[in-house]
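Below: the structure, in structure tokens.
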Amino acid sequence: MLVGRLPRLRTRVEANLRHVFPDIGAAERAELVRAVGDNFGRTFLEIFDLRGFETARSWTGPSGPGVEALVEAARSGRGAVIVTGHLGQWEAGRAWLKSIGIVCAGLYRPLNNAPLNRIYERNLEIGGSPMFPKSPRGLRRLVGHVAKGGVVAILTDQYERRAAAFDFIGKPAPTTTFAADLALKYDVPLIPAYGIRDPDGFHVAVVIEAPVPRTTPAAMTQAVNDSLAARARATPGQYFWLHLRWEKQLAGL
């Protein structure tokens, strides 16, 4: 419940909700703030104890039309780019892949707190390695990993100041086409995957959607945004409304 108790965090969530869902009332917005805080707290603790999360096998599934395509691409050595967002427990997909012997690398943004970041990195590497920091060198290494047939997971819903705007939940949001560019360049599938929490809050359903049709980087990037937007609309209490996704000038952000 940290989100609800810290004014700055609560204001940030409410500002994002007002921006995207201007018609919801105060009571519904307050309930979403509570749910976001609950999911954030659970996810934070699970990520900082990924070994425990994996040992408990706290996920169910996978389900969805993309399961076979993802497993085939990984086991054949072709590789794949998995796209997901800050929704539910986004590490659940990598945990499932690890449980069936498929190593999934990842791209991450280092935390500002150096001691905490070291713990964070160690836990992310438990879920699958290598982990590539979001930096010019890290991105070059990630590209090389995919070029060699590796599987990588990318969180696509981060504010990218220099990126073009794509629709996300009805509002323009700067979004890089990097994941789509990568999939097209190396002829690997671009597959949305999610970890959706069950109502009990503890178990997470791994859902693998069908690969995004190969078209253009822009069209594929919009398809990825639309996929995540549909999940966020269906389970808004599980989306990470804490981060700066749309406009940094929003009130309270």
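The values are calculated or read from the model by the stated rules, or taken from the named source; none is laboratory data. Note that this is a predicted model, so its numbers are computed, not measured. Every residue, glycine as well, gets a Cβ built from its backbone with ideal geometry; the counts of neighbours run over all protein chains shown.
Does Asp200 fit the bill of being acidic (Asp, Glu) and without any contact (Cβ under 8 Å) to a residue 12 or more places away in the chain?
Details: acidic (Asp, Glu): yes; without any contact (Cβ under 8 Å) to a residue 12 or more places away in the chain: yes.
The answer is yes for Asp200.
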Tabulated pairs, the range 1-30, first closer than 14 Å to Tyr239 by Cβ and surrounded by 13 or more Cβ atoms within 10 Å (Cβ to Cβ), second at pLDDT below 90 and among the β-branched types (Val, Ile, Thr), C-beta under 9 angstrom, 6+ apart or interchain = Arg12/Val3; Val13/Val3
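Evaluate the following for Leu50: is it under 26 Å from Asp167 (Cα atoms), among the hydrophobic types (A, V, I, L, M, F, W, C) and either in contact with a helix residue (DSSP H, G or I) (Cβ under 6 Å, 6 or more places away or on another chain) or touching a residue at least 40 places away in the same chain (Cβ under 8 Å) (or both)?
On the way: under 26 Å from Asp167 (Cα atoms): no; among the hydrophobic types (A, V, I, L, M, F, W, C): yes; either in contact with a helix residue (DSSP H, G or I) (Cβ under 6 Å, 6 or more places away or on another chain) or touching a residue at least 40 places away in the same chain (Cβ under 8 Å) (or both): yes.
Answer is no for this residue.
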task = Considering only the range 50-95, state which residues are modelled with pLDDT of 95 or more and in a loop (DSSP other than H, G, I, E, B).
result = Gly64, Pro65, Gly66, Ser76, Gly77, Arg78, Gly79, Gly85, His86, Gln89, Trp90, Glu91
query = In the range 146-164, how many residues are free of Cβ contacts under 8 Å to residues at least 60 places away in the same chain and basic (Lys, Arg)?
reply = 2
task = Exactly one condition in (1) of a type outside the set (Phe, Trp, Tyr); (2) at pLDDT below 95; (3) not in a loop (DSSP other than H, G, I, E, B) is not met by Arg141; state its number.
result = (2)
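Does Phe40 qualify as being aromatic (Phe, Trp, Tyr), touching a helix residue (DSSP H, G or I) at 6+ places or on another chain (Cβ under 8 Å), at pLDDT below 95 and assigned to a helix (DSSP H, G or I)? Spell out how you get there, then give the answer.
Working: aromatic (Phe, Trp, Tyr): yes; touching a helix residue (DSSP H, G or I) at 6+ places or on another chain (Cβ under 8 Å): yes; at pLDDT below 95: yes; assigned to a helix (DSSP H, G or I): yes.
For Phe40, the condition - aromatic (Phe, Trp, Tyr), touching a helix residue (DSSP H, G or I) at 6+ places or on another chain (Cβ under 8 Å), at pLDDT below 95 and assigned to a helix (DSSP H, G or I) - is met.
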task = List the number of the failed condition for Arg161; all other conditions in (1) closer than 27 Å to Asp187 by Cβ; (2) in contact with a Pro (Cβ under 9 Å, 6 or more places away or on another chain); (3) assigned to a loop (DSSP other than H, G, I, E, B) hold.
result = (1)
request  = Identify, from the list Ala183, Ala173, Ala210, the residue that is buried (at least 18 other Cβ atoms within 10 Å of the Cβ) and within 26 Å of Ser76 (Cα to Cα).
outcome  = Ala183
